[in-house]
Amino acid sequence: MSYGVFLLVVAVMTMPATAYACACCAERGTWFQDKARADPEVLAIVGKLGSRLDQTASLYLSAAGLEEVKGISPASETYSLRRLPPHTRDWKLEFTDRGGNRGTLAFTIPDTAVYYGVDSQDGPQAGVGELLLYKEWRFEGPVAGTGIFRGGTARGARFRLIFQGRGNMCPNPDDFKSWVLQVMGPRAAYDFYGSISPRVNQAKLKQLLVCCDEPDFESGPWAVRQDEHLSLERGAGSLVQPEGLRTLTKANEGGRP
């Protein structure tokens, strides 16, 4: 099945609700893999996903372990991950292992992408009659590295960034739950993977606050910065995510946490 519906999202959004629902629905047996332009809506969604990368990245390892990894010196199984500003189409990801060894991978999100979707025929459904596809968005291009990645990216290395999730035929940032970053070249062959944090639901956050007056999420000490992995703008405190639910704590106010 063609993925043309996806590329006509702007027109779809102007349709009546019944027509919109039908246009976004996938049919049993759907399969597509199309290379097409990454329009402004797609690029905006990618920008949102970039601000929601989890702070931990894992290195894919086969049975051979770290010995098979090429292009990282030294290599480690897990890394802390931070996306460095500016948060534009030019991405710069900083990886730091437990020993403090670090490096950055820098690349630009290109104008084209590969859109892949499939009905796995045994996957979940969003509701009665609403099929959820397994979906991928894939972006490729040249990559540059520093620190632990410098040697592997010295000659013609390329990246492939893959967002993975489940959803219908229409683009939605909440469909994507995980990512993979592959680096390949004459001196590099390794893959990172990690999760994508859910969006902050400010209404739910307010319901969880039992210690304080109504918070000011725009300018007060509880102000949320999604581009800093949901840290706090001002004041002490932290955002944590036990079992997929984010709760808010405030440590320096002498009141109840």
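Every read-out reported here was derived from the displayed coordinates using simple, explicitly stated rules and does not represent laboratory data. Fair warning: this is a prediction, and the values are worked out from it, not measured in the lab. All Cβ positions, glycine included, derive from the backbone under ideal geometry; neighbour counts span all protein chains shown.
Out of Val180, Ile72, Trp137, whose Cα points farthest toward the positive end of the dipole of segment 4-195 (charges: +1 Lys, Arg; -1 Asp, Glu; placed on Cβ)?
Ile72
Compute, for segment 4-195, the length of the dipole vector about the Cα centre, with Cβ point charges of +1 (Lys, Arg) and -1 (Asp, Glu) only. Units Debye, rounded to 20.
700 debye
Counting just the Cα atoms, what span does segment 87-175 cover along each of its three principal axes? Round to the nearest Å and put the largest first.
Largest to smallest, the principal-axis extents are 51, 32, 24 Å.
Can you compute the equivalent ellipsoid semi-axes for segment 4-195, i.e. the square root of 5 times each eigenvalue of the Cα gyration tensor, sorted largest first and rounded to whole Å?
34, 18, 14
Starting from the Cα of Trp31, move 7 Å in the Cα-to-Cβ direction to define the label point; list residues of segment 78-122 whose amide nitrogen is under 13 Å from there.
117-121
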